[in-house]
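Read through the structure below, which is laid out as structure tokens, and then see the notes.
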Number of protein chains: 2
Amino acid sequence: MNASLPLTATFNAVPSEKALMPFVSVENMMRLVHRVGLEQMLREIAEVIEGNFLRWESFDKTARIPAHSADGVIELMPTADRDTYGFKYVNGHPKNMREGLQTVTAFGLLADMHTGYPVLLSEMTMLTALRTAAMSALAAKHLAPKGARVMAMIGNGAQSEFQAVAFKAICGIEEVRLWDIDPRATAKCARNLQGHGLTVVPCATAEEAILGAQVITTATADKRLATILTDNMVGAGVHLNAVGGDSPGKTELARDILLRSDIFVEFPPQTRIEGEIQQLSPDHPVTELWEVIAGRKPGRTDAAQITLFDSVGFAIEDFSALTYVLAKARETGLYDLLDMIADPDDPRDLFGMLMRAKP
Amino acid sequence: MNASLPLTATFNAVPSEKALMPFVSVENMMRLVHRVGLEQMLREIAEVIEGNFLRWESFDKTARIPAHSADGVIELMPTADRDTYGFKYVNGHPKNMREGLQTVTAFGLLADMHTGYPVLLSEMTMLTALRTAAMSALAAKHLAPKGARVMAMIGNGAQSEFQAVAFKAICGIEEVRLWDIDPRATAKCARNLQGHGLTVVPCATAEEAILGAQVITTATADKRLATILTDNMVGAGVHLNAVGGDSPGKTELARDILLRSDIFVEFPPQTRIEGEIQQLSPDHPVTELWEVIAGRKPGRTDAAQITLFDSVGFAIEDFSALTYVLAKARETGLYDLLDMIADPDDPRDLFGMLMRAKP
């Protein structure tokens, strides 16, 4: 850690109650995880997501709004129900890792639809890792073969340990088999997973990692059309949890695998652009996961079927994670208050408020 | 002011430098205004906007992304150039005023396009009032009749004093004539403008307010198709600065006035939806203001012409205000630092960072 910047944060003004917005910092998010317990928090976030997927039609939905550059993408992901508005800011810059920066950073906000006033600002780099893992495990709970106990984890970066722990907590996975193009990432992942109640098997090749796995999770970060899994590597009956292919030009699976799979997605208009299925024709059949969760469409129908959750991350998942964090922050007091909203006594008197603040 | 909420903000973690994001609170924004001087700050923001309008084509532009409810709207307004990304969150809830809340609150963010890391979070309720007034005065500088000295101010709410001071600082307006449907708003506006070097004339009717005015500014907040100005009230040669009509179903001017005016707009795809011109056919000719500023299109061409700036507020104006504030915040130190970005020493080791934080 580096503390060369002075912490100038002092709140010597006394704004009105309405002007103050709860803020969950990285520090408080980490405290919250340990207060609740990591596995418990993953389970609870998955439950909130599941509840919101059950009322999918009550949300305003839109594909995320991207700003692309040569180096990566910055995206806004808004959604709202009748009472609450939420959005996440998230970037994806694969080259960041070489500069010692996070590939993905994020923060999010909730607001009251009836007043437009923000009610929560939260870090979401940590929270996105949690909700992505919870979402993957929730999908697998509905799609993976019964009794799945072994997961291959292809790509051992920042998301990998969260996936492993979520699949243990939510799906009963007992063994994770690790592979990454960089053996140091595998070593880091294996080290981090010690003491979490999983059998951890570092592997020398992707082929070795998928041996005996009923679930294959891919979470790599290259911004290109990569083929992390080739067609001959994927046998009958597995569940594929494809996490890394999540923007135009960024995929992980050979097209032939997709053609043999039953494909489940979050929000088709977004996944068609960003997911593995960008490799397929725009009318290739896919099933919306919420319909499986709601019992409207079948999930896995036979043991030999290959199911694919083409995960790109959707706004309702972030909304779910943020509403969970807001409730927990209120319960635990693990938040700061930010002087974010100018709130004069007379709402028409913003100018007077400014002038009265003159030193 | 009400201080019943405890200020729990304490930053006892010591995150890395990259993890800390400058935050300009309402308190610091007001300090900054007084440090720079209100008129000087309005002039400087107008200059930054003008500079960015001159390089209009170097920005990614999109109409704002709204979430509507029965009570109002919440919007995201993103834009980016090659190096910098910015967005504003803003709401518009006309009924808020009756509940003692601001009709419009806002905050904004800047990020580095090359890394995706946020570099500034700022309150923008106050800053939006400043940039809206600076933008109006900048447009009038290019469109109002030469030697304009008198402005009618129709609608004396939160935006009105900022408009009056900006028109003094940037356009040489000497007299403002005030009218509002609520005489208390007019009294408040007149009181606030004392000592700002303007002749202030409260008026009993809109007709009286526009007597002798070369510029007519409308800034009312009703969310409906209102007719604040009727056709017979607007004579030849005036400049209309229509600020209040800024969302679908919310306009202020009689359609006949529009038909007699030369209309100047910020970003046509947005203004066609939100501005006064939502009353006209989608192909009604309008001029983009940036082309006037860049000398590509004429602005006012004769003294009898009615010019109309159909202002709805565009993302590049917020981007301009935010980049200005970032520079000034760095210069003055008027900011706090927020622990917003989880930034482990090894970027792939988010999980390790979380586990090492275990109490």
Checking A:LEU350 against (1) under 26 Å from A:GLY237 (Cβ atoms); (2) at pLDDT below 95; (3) out of contact with any strand residue (DSSP E or B) (no Cβ under 9 Å at 6 or more places or on another chain); (4) aliphatic (A, V, I, L, M), only one condition comes out false. Which one?
(1)
Scanning region A:7-29 residue by residue, those assigned to a helix (DSSP H, G or I), modelled with pLDDT of 90 or more and in contact with a strand residue (DSSP E or B) (Cβ under 7 Å, 6 or more places away or on another chain) turn out to be A:VAL26, A:GLU27, A:MET29
Exception for A:LEU32 within (1) out of contact with any Pro (no Cβ under 8 Å at 6 or more places or on another chain); (2) at the interface with another protein chain (Cβ under 8 Å from one of its Cβ atoms); (3) part of a helix (DSSP H, G or I) falls at (2)
Tally of residues being among the hydrophobic types (A, V, I, L, M, F, W, C) and more than 7 Å from chain B (Cβ to nearest Cβ) across region A:110-128:
6
Read through the list (1) surrounded by fewer than 23 Cβ atoms within 10 Å (Cβ to Cβ); (2) more than 8 Å from chain B (Cβ to nearest Cβ), then give the number of the only condition that A:LEU289 fails.
(1)
From (1) out of contact with any Leu (no Cβ under 7 Å at 6 or more places or on another chain); (2) more than 14 Å from chain B (Cβ to nearest Cβ), pick out the condition that doesn't hold for A:GLY155.
(2)
Lone qualifier among A:VAL201, A:VAL243 - being touching an Asp or Glu at 6+ places or on another chain (Cβ under 8 Å) and hydrophobic (A, V, I, L, M, F, W, C):
A:VAL201
Per the filter on region B:325-336, residues surrounded by fewer than 23 Cβ atoms within 10 Å (Cβ to Cβ) and either hydroxyl-bearing (Ser, Thr, Tyr) or at pLDDT below 95 (or both) are B:THR332
Looking at A:THR199, is it within 21 Å of A:ALA226 (Cβ to Cβ) and polar (S, T, N, Q)?
no
Limited to region B:179-189, what total is found for residues that are crowded, with 20+ Cβ neighbours inside 10 Å, hydrophobic (A, V, I, L, M, F, W, C) and touching a strand residue (DSSP E or B) at 6+ places or on another chain (Cβ under 8 Å)?
2
Of residues in region A:139-165 being closer than 16 Å to A:GLN214 by Cβ, aliphatic (A, V, I, L, M) and under 18 Å from the mean Cα position of the chain (by Cα), the one surrounded by the most Cβ atoms within 10 Å (Cβ to Cβ):
A:MET153
Those residues of region B:265-282 which are of a type in the set (A, V, I, L, M) and in a helix (DSSP H, G or I) amount to B:ILE273, B:ILE277
Count - residues of region A:283-325 that are part of a loop (DSSP other than H, G, I, E, B), touching a strand residue (DSSP E or B) at 6+ places or on another chain (Cβ under 9 Å) and over 16 Å from A:VAL265 (Cα atoms):
2
In region A:64-84, the residues that are within 7 Å of another protein chain (Cβ to nearest Cβ) and in contact with a Leu (Cβ under 7 Å, 6 or more places away or on another chain)
A:ILE65, A:LEU76, A:PRO78
With the requirement that a residue be farther than 20 Å from B:GLY299 by Cα and touching a strand residue (DSSP E or B) at 6+ places or on another chain (Cβ under 7 Å), what does region B:151-167 give you?
B:ALA152, B:MET153, B:ILE154, B:GLY155, B:ASN156, B:SER160, B:GLN163, B:ALA164
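Results for (1) of a type in the set (Gly, Ala, Ser); (2) outside the structural domain of A:ASP336 (by TED's automatic domain parsing); (3) touching a residue at least 40 places away in the same chain (Cβ under 8 Å), shown as yes or no for each residue.
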| site | (1), (2), (3) |
| --- | --- |
| A:SER58 | yes, no, no |
| A:THR84 | no, no, yes |
| A:PRO94 | no, no, yes |
| A:LEU110 | no, no, yes |
| A:SER122 | yes, no, yes |
When (1) closer than 30 Å to B:MET124 by Cα; (2) assigned to a helix (DSSP H, G or I); (3) assigned by TED's automatic domain parsing to the domain that holds A:ALA321 are applied to A:ARG131, the one that fails is (3)
What's the number of the only condition in (1) surrounded by 20 or more Cβ atoms within 10 Å (Cβ to Cβ); (2) part of a loop (DSSP other than H, G, I, E, B); (3) without any contact (Cβ under 8 Å) to a residue 12 or more places away in the chain that A:ASP343 fails to meet?
(3)
Counting only residues that are under 23 Å from A:MET97 (Cβ atoms) and either exposed (fewer than 14 other Cβ atoms within 10 Å of the Cβ) or away from chain B (no Cβ under 14 Å) (or both), region A:195-215 contains a total of 6
Return the residues of region B:218-253 that are in a loop (DSSP other than H, G, I, E, B), out of contact with any Lys or Arg (no Cβ under 8 Å at 6 or more places or on another chain) and either farther than 21 Å from B:GLN305 by Cβ or modelled with pLDDT of 75 or more (or both); say none if nothing qualifies.
B:ALA219, B:THR220, B:ALA221, B:THR230, B:GLY235, B:ALA236, B:GLY237, B:VAL238, B:VAL243, B:ASP246, B:PRO248
Counted residues in region A:323-345 being of a type in the set (D, E, K, R) and more than 7 Å from every other protein chain (Cβ to nearest Cβ) come to 4
Can you say whether B:VAL104 is hydrophobic (A, V, I, L, M, F, W, C), part of a loop (DSSP other than H, G, I, E, B), facing chain A (nearest Cβ under 9 Å) and in contact with a strand residue (DSSP E or B) (Cβ under 6 Å, 6 or more places away or on another chain), as far as the supplied structure shows?
yes
Before we move on, is A:ALA329 of a type outside the set (D, E, K, R) and not in a helix (DSSP H, G or I)?
no
What's the total number of residues in region B:346-359 that are more than 7 Å from chain A (Cβ to nearest Cβ) and of a type in the set (A, V, I, L, M, F, W, C)?
1
Filter region A:90-106 for residues that are under 12 Å from the mean Cα position of the chain (by Cα) and either small (Gly, Ala, Ser) or more than 18 Å from A:PRO248 (Cα to Cα) (or both); the one that is modelled with the highest pLDDT is A:ALA106
Considering only residues of region A:75-126 that are of a type in the set (Lys, Arg) and surrounded by fewer than 24 Cβ atoms within 10 Å (Cβ to Cβ), which is nearest to B:ARG348 (Cα to Cα)?
A:ARG98
Unmet requirement for B:GLU331, which otherwise passes all of (1) of a type outside the set (S, T, N, Q); (2) assigned by TED's automatic domain parsing to the domain that holds B:TYR89; (3) in contact with a helix residue (DSSP H, G or I) (Cβ under 7 Å, 6 or more places away or on another chain):
(3)
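The values are calculated or read from the model by the stated rules, or taken from the named source; none is laboratory data. Predicted model only: the values in this text are computed from it and were never measured. Please note: Cβ atoms are built from the backbone with ideal geometry, for glycine as well, and neighbour counts cover all protein chains shown.
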